[in-house]
Every structure is written in structure tokens, then in C-alpha cells.
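Visitor: Have a look at the structure that comes next, please.
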Amino acid sequence: MEGYSVLQLYRDGGGFMHPILILFVIGLAISLERFWTLSRSNVDPRTFLPRIRAALQSGGIAEALAVCNQMRGPVAAIFSAGLQRADRGLDQVEKAIINTGAVEMAFLEKNLVWLTTVISLAPLLGFLGTVWGMILAFKAIEMANDISPSIVAGGISVALITTLFGLIVAIIIQTCHNYFVSRIDKLVIDMEKGAFELVEALVEQQGSRR
């Protein structure tokens, strides 16, 4: 392999390298978009929840909504939806939180299915390219009427290049996918905790008014 560059390996891999590269570009683009989106969606509940409680105590629903409007992310979105229906009773608050939470979950998981598609297809295309390369290698042996080690080894090494690149793409995108799933799980926990804290704060506010 000494003296071989990635570009040379790509050329030696044959036509199946092109769809593998396209899958990698698609997976990388989606990963960058998800990383940017999830980074902007992160809200620390340890600082956000006390701000909401303080706003409810000092200025009521209007001030708490103003705090939510200053923040991004699913936690702020469910808080805003719940607070907008606070005057209709806690049942409506909980319903709004559930509905908004479902919408936010769909947004957080957007395009992850395409990452799993890339993870599945990249190694399969690599294996397909390897099988095709092996067929060509045996054809070369048949035409040369010789099974010398140079002919066999050269053909097999070229055939395995597509499997190598397919697995590399799958490993990279799988790592990104797992990272996004872990981030989404954390955001979901924050959403659930935030919903409970919001309902509790509204109950306390109503009790103090009475």
C-alpha cells in the first residue's frame, strides 16, 4: 500500500465508488445540519426553570412568556405552548404540552432516517462492488489462462477497496447518528422534566392567588 493515495484507491475501486461517495456526502451534510440544529436547541433547565418560576412570581404569565420567547429549543417551545393556555385550566396546559412535545420530537428526529439509510446502503454497495470486482478478477484469470499470484492478488485487492470505503462511510455516519440520538434523548428528558416543573409552578401560582 506504500505510495498509494486515497485518490488512487478511489480510482482503483471502480464505478461503485461513486455512489458510496454520494452517500457519504449526503450523510455528512445531514450530520452537519443536525449538529447545528441540536446545538441551537439545547437549553439548560437548571437555569431556565428558575427564570420561569421567578417570572411567574413577579410578572405572571405574560412575563414568563416573554422569557420563553427569548429562548430557542423544544423546552422553551413547550413552556410557551403551556403558558399560552394557562388561563384555560391545567388540563389544557397539559394537552398543549403533549401536542407541542410531539411536534418538537418530530423536528429533533428530522432526517435521522436518512442517516440510517446511508449506514445501511454504504456497506451493501461496498459488498456489491467487491462481488463485481471478484467476477472481473476471475474473468481476467480466465482470459489470461493463468492463476499466478500477481493476477489473483491484484484483482482481489482492487475488489475489496469498495468494501473498505463502504465500511468507513458506515462507521463515520453511525458515530454521528449515535451522538445525535444521545443528544435527543437528553433533550427529551429535559422536556419531560420541564413540563412537570411548569405544571407544578402553575399550580403553586394558582394556590398563592387563592
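The values are calculated or read from the model by the stated rules, or taken from the named source; none is laboratory data. Because the structure is a prediction, the values reported are computed rather than measured. Positions of Cβ are generated from backbone atoms using ideal geometry, with glycine treated the same way; all protein chains shown enter the neighbour counts. Ligands, DNA and RNA are stripped out before the accessible areas are found, and what is left, the full protein with its side chains, is counted by its heavy atoms. Shrake-Rupley method; radii C 1.70, N 1.55, O 1.52, S 1.80 Å.
Visitor: If a residue has to be open to solvent by less than 70 Å² (accessible area, probe 1.4 Å) and farther than 11 Å from A86 by Cα to count, how many in the stretch 51-63 make the cut? Before the answer, list the steps.
Guide: Of the residues in the stretch 51-63, the ones open to solvent by less than 70 Å² (accessible area, probe 1.4 Å) are 52-56, 59-61.
Next, only the ones that are farther than 11 Å from A86 by Cα stay: 52-56, 59.
Selection size over the stretch 51-63: 6.
Visitor: When you go through (1) at positive phi; (2) open to solvent by 20 Å² or more (accessible area, probe 1.4 Å); (3) not hydrophobic (A, V, I, L, M, F, W, C) one by one for E33, which number turns out not to apply?
Guide: (1) is the only condition that E33 fails.
Visitor: While we're on this one: Can you confirm whether G126 is part of a helix (DSSP H, G or I) and at pLDDT 90 or above?
Guide: For G126, the condition - part of a helix (DSSP H, G or I) and at pLDDT 90 or above - is met.
Visitor: Also: Please count how many residues of the stretch 89-111 are within 28 Å of N178 (Cβ to Cβ) and open to solvent by less than 20 Å² (accessible area, probe 1.4 Å).
Guide: The qualifying residues number 2.
Visitor: Now a separate question. Could you please find all residues in the stretch 42-59 being over 14 Å from V181 (Cα atoms) and touching a residue at least 40 places away in the same chain (Cβ under 8 Å)? Reasoning before the result, please.
Guide: So the first thing to find is which residues in the stretch 42-59 are over 14 Å from V181 (Cα atoms), and the list is 43-59.
Hits for the stretch 42-59 are V43, P45, F48, L49, I52, R53, L56, Q57.
Visitor: Quick check: anything in the stretch 16-26 surrounded by 19 or more Cβ atoms within 10 Å (Cβ to Cβ), farther than 24 Å from S182 by Cβ and free of Cβ contacts under 8 Å to residues at least 24 places away in the same chain?
Guide: no
Visitor: Which count do you get for residues in the stretch 154-175 that are open to solvent by 70 Å² or more (accessible area, probe 1.4 Å) and under 12 Å from M134 (Cα atoms)?
Guide: Residues meeting the conditions: 1.
Visitor: While we're looking at this one, here's another question. Please name all residue pairs, on different chains or six or more residues apart, with Cβ atoms under 9 Å, provided the first residue is in the stretch 172-184 and is under 23 Å from A102 (Cα atoms) and the second residue is aliphatic (A, V, I, L, M) and open to solvent by 40 Å² or more (accessible area, probe 1.4 Å).
Guide: Sorted first by the residue in the stretch 172-184, then by its partner, the pairs are I184/M105.
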